[in-house]
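Input: a single structure, listed below in structure tokens.
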Amino acid sequence: MKKRMAVSKFKAKCLKVMNEVMQTGIHYIITKRNMPIVELIPFKKKSSFGCMKGTIHINGATLSHRLMWNGMLLIKISNLYLE
């Protein structure tokens, strides 16, 4: 859901509006002379899981080396080529 608010009204109620956006997830469109100038949306922290997806390509790998972390086998390869 999006709400519209004049920039003068936003200036007076900035902290209250930001708290509302953070708690409810409502988007605000801030306007100046009825023209949208800014959209205020909640910040969503991205998970670091999967952030490197698609950045490493393995060509012709043979299994010979192990990469261990806290006792878990993460990857076991050699002939790793980064593209």
* Residue-span extension gain [Met22 to Met35] - 0.36 nm each, minus C-alpha spacing -> 2.3 nm
* What is segment 1-48 by shape, rounded, prolate or oblate, if you read a ≥ b ≥ c off the alpha carbon gyration tensor as root eigenvalues and call it rounded for a/c under 1.5, prolate for a/b larger than b/c, and oblate otherwise? -> prolate
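No value in this document is a laboratory result; all are computed from the given coordinates. Note that the structure is a prediction, hence the values are computed from the model and not measured.
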